[in-house]
1. Please report the carbon-and-sulfur percent of the accessible area for segment 42-172; probe 1.4 Å, protein heavy atoms only, DNA, RNA and ligands left out.
2. Nearest-5 percent of antiparallel DSSP beta bridges in the chain?
3. Where the only charges are on Cβ atoms (+1 Lys, Arg; -1 Asp, Glu), what is the dipole of segment 12-76 about its Cα centre, to the nearest 20 debye?
4. Please compute the per residue accessible area over segment 23-123 with all protein chains in place, 1.4 Å probe, rounded to a whole number of Å².
5. I'd like to compare 164-173, 98-107, 42-51, 27-36: which one has the highest average count of other Cβ atoms within 10 Å, and what's the full order after that?
6. Could you point to the label whose value was computed as semi-axes √(5λ) of the Cα gyration tensor in Å for the structure here, given (1) 29, 19, 15; (2) 35, 17, 13; (3) 31, 23, 14?
7. Quick one: among V178, V96, V134, which has the greatest mean-square fluctuation in a GNM of the chain with alpha-carbon springs under 10 angstrom?
8. Rounded to the nearest 500, what is the 222 nm mean residue ellipticity of the chain from helices alone, with -39500 (n - 2.57) per DSSP H run of 4+ residues and division by all residues?
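The values are calculated or read from the model by the stated rules, or taken from the named source; none is laboratory data. Given the structure is predicted, the values throughout are model-derived calculations rather than measurements. So basically every Cβ, Gly included, is an ideal-geometry build from the backbone, and we count neighbours across all protein chains shown. Side chains included, ligands, DNA and RNA excluded: accessible areas come from the protein's heavy atoms. Shrake-Rupley method; radii C 1.70, N 1.55, O 1.52, S 1.80 Å.
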Amino acid sequence: MCENAPAEVTVLRLGHRPGRDDRMTTHVALTARALGAERALLVGDTTQSRDTVEDITARFGGPFAVEVLDEWRPVLRDWDGKVVHLTMYGERVQDVEDDVRVACVDGGEPLLVVVGSQKVPFEVYDAADWNVGVTNQPHSEVAGLAVFLDRLFEGRELSRAWENAEKRVVPMETGKRVVEGDAAGGSRGSNDTDGE
């Protein structure tokens with residue numbers, strides 16, 4: 001969890017069309033993991049996406065949980081916290097982000113971030129505390145989720161420490177470098193100067 005974060009941030013992926021949404025569903029969960037959420041709930045035939053995200057978490061650190069569900073309605077109905085539904089039809093993110101942050105970061109309310117895949121039923125719009133548009137233009141739900149989480153955490157999620165990482169990426173101007181994770185309790189941040 002990021003410092004000064006809500007009590008819990010969960011991303012709920014509403015639907016999944018096998019064959020068509022496999023990569024997109026995986027990318028929703030990977031984006032949730034990388035940008036500060038604590039878990040992702042994937043609805044439908046998403047076992048392959050779950051397995052990929054669990055593999056990434058095992059190799060590059062956590063904590064992060066991913067679950068496969070048959071139905072999303074009970075999650076939305078029983079959620080004990082605030083709900084943000086990301087939709088291009090919602091209020092502009094820049095107009096509501098402070099209200100979400102006050103309720104969920106300052107107020108400690110758990111936050112459920114809902115992203116769709118196909119046409120979203122009206123009951124989702126009605127159940128949400130905020131229907132939020134990251135631009136009111138057609139775009140990817142992965143992009144919308146990334147922008148929303150970054151604005152929610154005000155960039156703090158980019159410096160998150162990862163626990164129990166088997167591997168870590170060393171930031172470089174050019175090239176690629178992946179090293180064994182720090183067995184002393186997680187991967188180090190991007191300001192390493194140890195000459196690895």
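1. In segment 42-172, the share of accessible area belonging to carbon and sulfur is 47 percent.
2. The antiparallel proportion sits near 15 percent.
3. 220 debye
4. Details: 4830 Å² over 101 residues.
Heavy-atom accessible area per residue stands at 48 Å².
5. On the way: 164-173: 13.8, 98-107: 16.0, 42-51: 18.8, 27-36: 23.0.
My ranking of the peptides, most packed first, is 27-36, 42-51, 98-107, 164-173.
6. Read-out taken from this structure: (1).
7. Its mean-square fluctuation being the largest, the pick is V178.
8. So the calculated ellipticity at 222 nm is -9000 deg cm²/dmol.
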